[in-house]
Structure formats: structure tokens, C-alpha cells
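In what follows, a single structure is set out as C-alpha cells and then discussed.
The values are calculated or read from the model by the stated rules, or taken from the named source; none is laboratory data. In this text, all values refer to a predicted model and were calculated from it rather than measured experimentally. No Cβ is skipped: glycine too gets one built from the backbone with ideal geometry, and neighbour counts run over all protein chains shown. Surface accessibility is based on the protein's heavy atoms, side chains included, excluding ligands, DNA and RNA. Shrake-Rupley method; radii C 1.70, N 1.55, O 1.52, S 1.80 Å.
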Amino acid sequence: MITIKNEKAVDLAKKGRILSGMRPTGRLHLGNYAGALENWVELQKDFENYHLVADWHVLTTKPGETDVILGNTIDMVIDWLGAGLDPDQSPMFIQSNIKEHSELHLLFSMLVTTSRLERNPAVKEQVKDLGLEETMSYGHLGYPVLQAADILIYKANFVPVGEDQAPHVELTREIARRFNTIYDEVFPVPDIKLTKFSRLPGLDGQRMSKSVGNVILLTEDPESIKQKLRKAVTDPQKIRMGDPGHPEVCLVFNLHEKFNPGEVEAIEPECRSGKLGCVACKDNLTNKLIEFLEPFRKNREYYENRKDDIIDIIKDGDKRAREVVSATMDDVHKAMKFG
Ligand code: TRP
């Protein structure tokens, strides 16, 4: 049993509040880390962080697959801890345990037009990718409205997420302004916080994403990291050792920039001149990644038989989240003069 200190509910010395979250899709990958998680860990010292497991959001695309949600939640929270999120400083909680999110979602749904939602580029992309032209659900179209409720119910000032989430944060800002104009000043207008590597390439050069199947997991074992990198595409014009390379088009180089920053200056000219071959370059990256990911593997081993500890961490997070949302909903009801 882990003991969690509770006295930090509101720390006035901090520079503002952060809310961010992820859908529980199971174990996380390097793209999730570089796009958002790393930032969460970095920011928790200076900001009051809240992190949600967006389980209702899973229903937008997979309403029938509820039996895997709890397992995926635990797997994901284990990776959050492996990255260094500290449950004392950063409460972690489950969206569906905090029912007020759904009330605020309903109220917000009256403040946004359907055509505005249809124009959301993230939604448009999904309609195209998943062929949803005729079959998109009402709840799926409202995905970003629920996300706005997630963010604003904590009166967050900043939302650290990957670049793909920018359209949702933009809509959140519009909804906050609209609520404040119609009723009363309740919500801050939050800013997005991107990382430098908010769009990490996967093993095929496209954005790293589980649905594409081009990921390296944070808990990938060393042999599998080696195999995956061996098969990764590099500069298509660099076929054999000695050919000059173009690091700017090479995903292996991009991963060096992120995970081997100390050597990129040396690697770049050697790749360009042809002196450095892709096999050696990949071996070097493999070793760096194995080393970098070691703490994630250790952390998973530790929690593999201590899943009750994860449940305790979430229960504590739920409790702390509830304190904040009930105060916000009081403000909302007062501003709207009913509810
Ligand atoms: N849409 C986010 C994702 O797919 C998950 C999410 C839901 C979220 N609510 C949020 C992210 C609130 C940031 C803030 O990863």
C-alpha cells in the first residue's frame, strides 16, 4: 500500500493549473512520451497538475469495447509513473468517475454549433480515415466538447498535449469565452503547451501511432527494439554504405535528435558525407534507446504484481479531482442562475 500525501490540494506558489489526459489505449510509446508525457513530468514541479484517463472518449470510436478499458487504464498509468509522474504532485484520475464532466459537457453542447464541430480538422481526418461519412455518432462529433469540459472544469491555464490536439484546445478556448460572455467570468482561456517533438515519426516515417502499427513502446524489450529499428526505413537515396545521406528526411536521425542529442552534431556530417552507414547509425540509436527505456521496464516489473497500488493512486486522484470540480460546478450554477 502506497501512502499519498494530500495536503497539496491548492498550492499557491505554483504558476497555474494544468490539465491533460490520454485515452486509455494500453501501453504507451515513444510518441506519447515525446509529444506530451515528458512535458507533464517536467511541468509538475512548477504547476498544479491534473491528469485524466479519458475513458468516455474511447466510446466515440469503440462503444462496444468496454471490457478492455480497465486493463488499458492500469497499463497506461503504469507508464505515466514510469516516466516520473509523481502521484503526490499530479493527481491521476478517471474521467468516468467524475460525473460532473458529463454535466458540463451537456451545458457546453448548447454553446457550439454543429457546423463548427463539423469543421474541426481532427474530426474531418477521422471521418476520412475511418470512413465515417454516414455513420459518425452524435457523441463522436461532440468529442471536443467533452474535452473542453475536461479541461475547463479544472479551470486549467495550460494544456500540454501533442500537436494533433491543437484543434480541440482551440475549440475549448472558444467555448470558455462564449460561456464567460453569456453568463459570467468563470473560466480562464487556456493555452496549449507543445513540446519540440510533438510529432515524432514512427518506424515507417509517418507519425508514430498505435493504429498505424509503427511504434516503439516505452516498455519494449531490448531485442525487440533492435529488430524494429533494423527494419525501419531510412533515407531512400542512401542504399549502401558510402552513399551520401539526407538526415532531414530520415526518421532514424530524427530519433537521434530526440534521444541522443549529445551526438547529433557528429552524426549529421558523417551521414551526409557517406562515412556513416545506416546499420552502424541504427545500432548506435538502438543502444541509446535501450538505455533510455530501462527505467520504464523496471517500473513495469515493479507494478506488474502490485496493480492494487495503481487502483489506490487513482482513488486518491479521483478524490482530489472531485474537490476541484464541485467548486467549479458551484460557480457554473451561480453564473447560470440555476442548476
Ligand atoms: N483527446 C485526447 C487524446 O486523444 C484525450 C483527452 C481527452 C484530453 N480529454 C482531454 C487531452 C483533455 C487533454 C485534455 O489523446
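Using just the C-alpha positions of the range 100-213 as equal point scatterers, what log10 of I(q)/I(0) does the Debye formula give at each q in 0.12, 0.15, 0.20, 0.21 1/Å? Taken in order of the listed q values, log10 I(q)/I(0) reads -0.48, -0.72, -1.13, -1.19.
For Met22, the residues whose amide H sits under 5 Å from its own are Leu52, Ala54, ignoring neighbours fewer than 5 places away on the same chain, with H placed 1.01 Å from N. Between Arg207 and Gly202, the built amide H atoms are under 5 Å apart, and every one of these is 5 or more places off in sequence or on another chain.
In plain terms, the C-alpha convex hull of the chain casts an average shadow of 18.7 nm² when viewed from every direction.
About its Cα centre, how strong a charge dipole does the range 265-339 have in debye, to the nearest 20, once Lys and Arg get +1 and Asp and Glu get -1 at the Cβ?
Numbers: 15 positive and 16 negative charges, 46 e Å.
Its charge dipole is roughly 220 debye.
Working note: Karplus 6.51/-1.76/1.60 with θ = phi - 60° gives the range 26-37 the couplings x, 5, 8, 10, 4, x, 4, 5, 5, x, 8, 4 Hz, where Gly and Pro are set to x.
To the nearest ten degrees, helix 69-83 and the longest principal axis of the Cα atoms of the chain are 60 degrees apart. Using only the alpha-carbon atoms, how far is helix 100-109 inclined from the longest principal axis of the chain? Give it as 0 to 90 degrees, nearest 10. Tilt relative to the chain: about 90 degrees.
If I stretch the segment between Asp331 and Tyr302 completely, what's the gain in nm (0.36 nm per residue apart, minus their alpha carbon distance), one decimal? It would help to have the intermediate numbers written out before the result.
On the way: separation 29, 0.36 × 29 = 10.44 nm, distance 4.21 nm.
The span from Asp331 to Tyr302 would gain 6.2 nm if fully extended.
Just to confirm my numbers, what's the Cα centroid distance between the range 237-273 and the range 127-200 in Å? Cα centroid of the range 237-273 versus Cα centroid of the range 127-200: 36 Å apart. Compared with the dominant Cα axis of the chain, that is its longest principal axis, helix 222-231 is turned about 70°. Computed across the range 241-339, the Kirkwood hydrodynamic radius from all distinct Cα-Cα pairs reaches 18.0 Å.
Please arrange Lys228, Lys238, Lys196, Lys334 by accessible surface area, largest first, computed with a 1.4 Å probe and ligands excluded.
Ranking Lys228, Lys238, Lys196, Lys334 by accessible area, largest first, yields Lys196, Lys334, Lys228, Lys238.
Only the Cβ atoms of Lys and Arg (+1) and of Asp and Glu (-1) were treated as charged; on that basis the dipole of the range 213-316 about its Cα centre amounts to roughly 400 debye.
Rounded to whole numbers, the Karplus 3J(HN,Hα) couplings from phi for the range 43-54 are 7, 5, 5, 9, 10, 8, 8, 10, 10, 10, 8, 7 Hz, using 6.51 cos²θ - 1.76 cosθ + 1.60 with θ = phi - 60°, and x at Gly and Pro. Summarising the strand pairing of the chain, around 15 percent of its internal DSSP beta bridges are antiparallel.
I want the local charge near Asp283. Using Cβ-Cβ distances under 12 Å, sum +1 for each Lys or Arg and -1 for each Asp or Glu among the other residues. Write out the running numbers ahead of the final one.
On the way: positive: Lys226, Arg230, Lys282, Lys288; negative: none.
Net charge in that neighbourhood comes out at +4.
With n ≥ 4 as the cut-off for DSSP H runs, can you work out [θ] at 222 nm for the chain, using -39500 (n - 2.57) per run divided by the number of residues, rounded to the nearest 500? Don't jump to the answer; show the numbers that get you there.
Numbers: 14 runs with 167 residues, N = 339.
After summing the helix terms and dividing by the residues of the chain, the value is -15500 deg cm²/dmol.
Which percent of the Cα-Cα distances in the range 222-298 go past 21 Å? Across the range 222-298, Cα pairs with separations above 21 Å total 23 percent.
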